[in-house]
1. Going through region 131-143 one residue at a time, which ones are modelled with pLDDT under 95 and either over 17 Å from Tyr262 (Cβ atoms) or among the charged types (D, E, K, R) (or both)?
2. Determine, yes or no, whether Gly239 is open to solvent by less than 60 Å² (accessible area, probe 1.4 Å) and over 11 Å from Met21 (Cβ atoms).
3. I'd like the full set of residues that are in a helix (DSSP H, G or I) and either among the aliphatic types (A, V, I, L, M) or at positive phi (or both), limited to region 122-143.
4. For Pro26, all conditions in the list (1) under 22 Å from Arg117 (Cα atoms); (2) open to solvent by 10 Å² or more (accessible area, probe 1.4 Å); (3) in contact (Cβ under 8 Å) with a residue 12 or more places away in the chain hold save one; what is the number of the exception?
5. Please work out which residue is nearest to Ala245 (Cα to Cα), limiting yourself to region 64-80 and to residues that are assigned to a helix (DSSP H, G or I) and open to solvent by less than 40 Å² (accessible area, probe 1.4 Å).
6. For the condition of a type outside the set (A, V, I, L, M) and under 23 Å from Tyr262 (Cα atoms), what is the one hit in Ser192, Ser204?
7. With the checklist (1) over 30 Å from Gly70 (Cβ atoms); (2) open to solvent by 20 Å² or more (accessible area, probe 1.4 Å) in hand, flag the one item Val189 doesn't pass.
Amino acid sequence: MSEPLFIFSTPRLLTSQACAMIGNHPDMVGLAETNLFAAETYEELEAMYLIDTRFQHGLLRTIAEFGLGGQTEENIELAQAWLIENESVKTVDIFKDIMALVEPKHAVDTSVLYVYRPGVIGRIKKAFPDAYYLHLAMHPRVSCESIYKTRKAATESHLGRQIGQDMALKPETMWLKPHVQILAAMETVPESHKMFLRGEDLLSDPNPNLLKIAEWLGIRTDEEAIDAMMKPEESPFAGYGPENAPLGNDPHFLENPEFVPYVNHDLDLDSPMSWDDTLVFDATIKELARYFGY
């Protein structure tokens, strides 16, 4: 079985585009956000959908695309029925079924819940001891502002919900906690199977960094393969899905999936957040940001 690649970062400014770019390589397949490893069984995962049904869209679209021939409303319903019938099945086994559907290509998974739910990375490492892990970071100011804007937009859209306290999340929860959790989990991963990359570097100078990723993964490094990675809009999940499962990726990516080079900005670590002038980066955030090269 082809070993999967998992991309970890703070949601969701970068992960959807990075997954689509790497997943468009001829030897790879980028999935929508399956969120599978956020729970032990599908039944447990299903309980989380009661909080927000949007977390299910990526898994339904992935099963419909690779297992049922396409992302139609009918196939989404069939995918959901199959999951309900097999709700006691372990999420690891569902992921292995998806891997089998896309073989011999390698599956690429990045999911919004992975860096917030306890036990996720441990569950992945136990199931796939030889998996690859790409840890991406963006400047804490960029990440926090993006998360806030995404949540604010959700409350104002027909797809939104009232998220209350989520709007008041502090930078240490939005940016610091996920990265600390990722770094701790990566300590036991062999150097050959993990990579850290700043998102700004990937998006502002993509070709050499995509080549670096391909060399690390041991996949094709020819010009045609690297060029394919520059076309995230060709992902089957680079756009809204059918009406009964429209999301499954960052909404900003769904609306504008084409690659646009990132323009680096002179960002500081001292100014308060735009939505609350009492929120500033504490010393721990600044220390880790500088460790990442910011």
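1. Result: Arg141, single match.
2. On the way: open to solvent by less than 60 Å² (accessible area, probe 1.4 Å): yes; over 11 Å from Met21 (Cβ atoms): yes.
Considered against the rule, which asks whether it is open to solvent by less than 60 Å² (accessible area, probe 1.4 Å) and over 11 Å from Met21 (Cβ atoms), Gly239 comes out as yes.
3. First, pick out the residues of region 122-143 that are in a helix (DSSP H, G or I): 122-127, 140-143.
Selection gives Ile124, Ala127, Val142.
4. Failing condition for Pro26: (1).
5. So the first thing to find is which residues in region 64-80 are assigned to a helix (DSSP H, G or I), and the list is 64-67, 73-80.
Checking the rest, the ones that are also open to solvent by less than 40 Å² (accessible area, probe 1.4 Å) come to 64, 75-76, 79.
On the way: Ala64: 10, Asn75: 10, Ile76: 7, Ala79: 11 Å.
That would be Ile76.
6. Details: Ser192 fails: under 23 Å from Tyr262 (Cα atoms).
Being of a type outside the set (A, V, I, L, M) and under 23 Å from Tyr262 (Cα atoms) holds for just one of Ser192, Ser204, which is Ser204.
7. Single failed check for Val189: (2).
Table: residues versus (1) at pLDDT 95 or above; (2) charged (D, E, K, R); (3) more than 20 Å from Lys231 (Cβ to Cβ); (4) out of contact with any helix residue (DSSP H, G or I) (no Cβ under 9 Å at 6 or more places or on another chain).
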{"position": "Pro11", "(1), (2), (3), (4)": "no, no, yes, no"}
{"position": "Leu14", "(1), (2), (3), (4)": "no, no, no, no"}
{"position": "Glu46", "(1), (2), (3), (4)": "no, yes, yes, no"}
{"position": "Arg61", "(1), (2), (3), (4)": "yes, yes, no, no"}
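The values are calculated or read from the model by the stated rules, or taken from the named source; none is laboratory data. For clarity, every value in this text was computed on a predicted model and none was experimentally measured. Note that we place each Cβ from the backbone using ideal geometry, even for glycine, and neighbour counts take in every protein chain shown. Accessible surface areas use protein heavy atoms only, side chains included; no ligands, DNA or RNA. Shrake-Rupley method; radii C 1.70, N 1.55, O 1.52, S 1.80 Å.
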